[in-house]
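The values are calculated or read from the model by the stated rules, or taken from the named source; none is laboratory data. Since the model is a prediction, treat every value here as computed from it, not as a measurement. Here Cβ is always computed from backbone atoms with ideal geometry, including for glycine, and neighbour counts include all displayed protein chains.
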């Protein structure tokens, strides 16, 4: 299973957001999408998921254009976890995770045993079993994030795209989640995840794509992408990089770019 975006450009109205971006996900890979706020990370994932149609370029899943798939067939192959989800009804968490099974249901019967077991396994993997009967609207930000990831796991697709899944999570859950994604890659899935934590990306991702203003600054192994010069180009701060493996990135106590100081906070 592979997902490939070639020369993708995308705009919101008259504002260009992506400029001829190319990215590829292969079976068994966890790819990190990095960049400052407004660099196009979320837009790139939406285009790869088929949520947005690019102005130019193409996205191929198993060498077929996304537009060639029926939505149901695409949902059985590809799962997408956005940053936020607005729900018009007070669904319980187990009901929301069950919605991830919808594309695999051949007929009526939301309570079929196989679907229930898939939901239980997904909620167990993300540590939200105890939230099964809670209303989604009552959850904290971190709890809601893990429930949405459980919903994507329940889809059982071979490609998973996650937009900042570690946001709202404490350190322990961030590590648990990244270990889970790493294990899914080891089992043969292809995953892409947008992250702000450079050290998490270096520790768990096989390859990184570094964006700035909708363009690719660098793409490759963490040691190739997370260099002092490339990070300064993307983030406009001078950071300290310690060679790995894994690579580690620090804010230097005396670092300065123009009038901007970086402290060890």
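The numbered conditions (1) out of contact with any helix residue (DSSP H, G or I) (no Cβ under 8 Å at 6 or more places or on another chain); (2) crowded, with 19+ Cβ neighbours inside 10 Å; (3) over 23 Å from residue 182 (Cα atoms) are all true for residue 215 except (2).
Looking across 24, 84, one residue alone is under 29 Å from residue 205 (Cβ atoms), part of a strand (DSSP E or B) and free of Cβ contacts under 8 Å to residues at least 40 places away in the same chain. It is 24.
Does residue 119 qualify as being crowded, with 20+ Cβ neighbours inside 10 Å, assigned to a helix (DSSP H, G or I) and within 18 Å of the chain's Cα centre (by Cα)? Taking the combined requirement at face value, the residue does not satisfy it. Within region 122-131, the set of residues being assigned to a helix (DSSP H, G or I) and under 19 Å from residue 157 (Cβ atoms) comprises 122, 123, 124, 125. When the criteria are applied in full, residue 169 meets the requirement of being in contact with a helix residue (DSSP H, G or I) (Cβ under 9 Å, 6 or more places away or on another chain), at pLDDT below 95 and over 16 Å from residue 80 (Cα atoms). Can you name the residue in region 55-81 that is touching a residue at least 60 places away in the same chain (Cβ under 8 Å) and assigned to a strand (DSSP E or B) and, of all such residues, is nearest to residue 5 (Cα to Cα)? That would be 61. Tell me, please, whether a residue that is surrounded by fewer than 23 Cβ atoms within 10 Å (Cβ to Cβ) and in contact (Cβ under 8 Å) with a residue 60 or more places away in the chain can be found in region 129-144. No. If you go through region 27-42 and keep only what is surrounded by 15 or more Cβ atoms within 10 Å (Cβ to Cβ) and either in a strand (DSSP E or B) or free of Cβ contacts under 8 Å to residues at least 60 places away in the same chain (or both), you end up with 30, 31, 32, 33, 34. Filtering 52, 45, 8 for residues that are surrounded by 17 or more Cβ atoms within 10 Å (Cβ to Cβ), touching a strand residue (DSSP E or B) at 6+ places or on another chain (Cβ under 8 Å), in a loop (DSSP other than H, G, I, E, B) and at pLDDT 95 or above leaves a single hit, 52. Among the candidates 103, 118, the residue that is within 26 Å of residue 180 (Cα to Cα) and without any contact (Cβ under 8 Å) to a residue 40 or more places away in the chain is uniquely 118.
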